[in-house]
Amino acid sequence: MEFTKRWMKKKLTQKNDETDLIVVGGGAAGMMAAGTAAQLGKKVLLIEKNTRLGRKLGITGKGRCNLTNNCSVQDVIDAVPTNPRFLYSAVSQFPPQSVMGFFEELGLPLKTERGQRVFPESDRASDVIDALTRFLQQNHVRIMHGNVRKLLLEPEGVRGVVLQDGTEFFARQVIVACGGKSYPGTGSTGDGYTLARQAGHTIVPLRPSLVPLETQGKECAEMQGLALKNTAIRVYEKQKLIYEDFGELLFTHFGLSGPVILSASSHMRKMNPGVYRISIDLKPALSLERLDARLQRDFEENSNKDFINSLSALLPRKMIPVLVARSGITPETKCNGITREQRRDFAGLLKDFSIAVQGFRPIEEAIITSGGVNVKEISPKTMESKLVKGLYFAGEVLDVDAYTGGFNLQIAFATGQLAAEAVKEAES
Ligand SMILES: Cc1cc2nc3c(=O)[nH]c(=O)nc-3n(C[C@H](O)[C@H](O)[C@H](O)COP(=O)(O)OP(=O)(O)OC[C@H]3O[C@@H](n4cnc5c(N)ncnc54)[C@H](O)[C@@H]3O)c2cc1C
């Protein structure tokens, strides 16, 4: 029995020793890295803990996968608030147009939409996963489903990985592409940080980015479920205007969500209760003067109606009680009793409906994890650890994050590709 065990272990070791590179994590970065390294002649083992590859990719872009942004290298770098310079080599080597060419060569037609966002023509994220899976198969990447718990480290460098069940796999090069800590149901549960720590890396504290916001007071909860399609927002840090956007916003039981809010959140780098304020312009198409004139007309037409009953043509039903309460005008005031000053103040309120931000929703609800493996300890030219030879990092596990628009996947693909190229250059 003991002999059989030892024999099996030896066989496993011999077999595993045939592997040049182990890639941990079969997401965007890991699939790109594994396929590229194999294409360059390396024997690659990709280990993914889910039974399916690319689960997070499947939910990107609301199931349509905004896989890159058809812009210049500099524009990508400008869309990265955290450690942009670290990404320069990776994005220059594999810029958006190369990412697009890569997928098109794999038989995936693409289209570019508003804001230079690139999607598969089919509008199906699953087609992106299929294309990457084909890439792995064409290049004979071995795929294994298992949960990597530990790195095997020797003084000379990395030697392999250990799975949850104790199975060891050996290779002199390992790329950690475990993703961040957001949407843990997709498999990204922060394991990459544990592996990095084990290798002596520091982890820059994690925080959510592209995340809904909790707000102060109960007003948002009172409007829960209300979506505003064409809203302009301004974000103030204390008194300073730091961000402006236009688009869709959603009121929820905890505060604010929707595309404009997620984008705004990645500009809030000093989150603390009360530091940030969102000013919503409920009538962006009208200047203050024109809005005041409109209110004057509405109030004249409804002169004998109560104020609260005169606003249905102007505002969604759920907003009316909230705005009336904010206005300070008694709801039962007849429209002909509203003073000019009250009317102008109310117009001002519609143009600047301000909500104080309490904080971010938890990281699990964020599109992106900000923070992660400290990039000072990683070579920007190779993605290799400066602490452990043969150990590389790619994708969201690194302390880099970007705004919406396809930039985060662009980063995952570019860092995965660069790590694979570097593995090829290094000795096995
Ligand atoms: C709802 C949503 C929508 C998004 N939409 C877009 C978009 O349209 N465009 C865009 O650019 N970005 C988008 N993003 C962000 C984008 O998905 C990520 O930036 C990207 O997936 C990061 O790639 P990654 O390979 O680093 O990590 P992931 O894609 O998270 O992949 C990591 C993989 O590693 C595996 N893994 C983790 N731990 C282990 C372990 N111990 N052993 C083995 N395997 C392990 C995981 O199961 C997972 O499959 C979106 C994110 C979310 C949550």
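The values are calculated or read from the model by the stated rules, or taken from the named source; none is laboratory data. Computed from a predicted structure; not experimentally measured. So basically every Cβ, Gly included, is an ideal-geometry build from the backbone, and we count neighbours across all protein chains shown. Quick note on the areas: whole protein, heavy atoms, side chains included, nothing else; ligands and nucleic acids left out. Shrake-Rupley method; radii C 1.70, N 1.55, O 1.52, S 1.80 Å.
At-a-glance table
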item: Among 59, 367, 378, residue whose mean-square fluctuation peaks in a GNM of the chain (springs only between Cα atoms under 10 Å); result: 59
item: Pairs from 270/381; 150/424; 283/305 whose Cα-Cα separation, in the structure shown, is over 27 Å; result: 270/381
item: Three semi-axes of the equivalent ellipsoid, the chain, Cα gyration tensor, whole Å, largest first; result: 52, 20, 18
item: Accessible carbon and sulfur surface of the chain relative to its total accessible area, %, 1.4 Å; result: 50 percent
item: Global size of the range 181-249 as Cα Rg and Dmax, reported in angstrom; result: 17.9, 49
item: Size of charge dipole - the chain - debye, nearest 20, with Cβ of Lys, Arg +1 and Asp, Glu -1, no other charges; result: 660 debye
item: Ellipticity estimate at 222 nm from DSSP helix runs (n ≥ 4, -39,500 (n - 2.57)) divided over the chain, nearest 500; result: -9500 deg cm²/dmol
item: Inter-label distance, nm, simple model (7 Å from Cα along the C-beta direction), residue 334/residue 269; result: 5.7 nm
item: Farthest toward positive dipole pole in the range 19-137 [+1 Lys/Arg, -1 Asp/Glu at C-beta], among 51, 129, 77; result: 51
item: Using θ = phi - 60° and Karplus 6.51 cos²θ - 1.76 cosθ + 1.60, couplings along the range 326-332 (whole Hz; Gly, Pro as x); result: 5, 5, x, 8, 4, x, 8
item: Magnitude of the charge dipole, the range 272-379, Cβ model with Lys/Arg +1 and Asp/Glu -1, debye to 20; result: 140 debye
item: Sequence ranges 32-40, 65-73, 146-154, ranked by mean other-Cβ count within 10 angstrom, highest first; result: 32-40, 65-73, 146-154
item: Packing-based ranking, highest mean first, of 403-416, 275-288 given that Cβ atoms within 10 Å are counted; result: 403-416, 275-288
item: When the convex hull of its Cα atoms is projected in every direction, mean area for the range 128-217 (nm²); result: 8.9 nm²
item: Fraction of alpha-carbon pairs over 14 Å apart in the range 232-302 - percent; result: 65 percent
item: Rounded Å value of the spacing that divides the Cα centres of the range 242-298 and the range 373-418; result: 34 Å
item: Most mobile of 318, 181, 381 in a GNM of the chain (Cα contacts under 10 Å); result: 318
item: For the range 34-120, diffusion coefficient by Stokes-Einstein and Kirkwood Rh (Cα), 37 °C, 0.692 mPa s, µm²/s; result: 221 µm²/s
item: Choice from 332, 384, 104 showing the highest fluctuation, given a GNM over the chain with Cα pairs closer than 10 Å; result: 332
item: The range 350-392 - Rg (one decimal) and Dmax (whole number), Cα, Å; result: 18.8, 59
item: Kirkwood-based shape ratio for the range 242-383, expressed as Rg/Rh from alpha carbons; result: 1.15
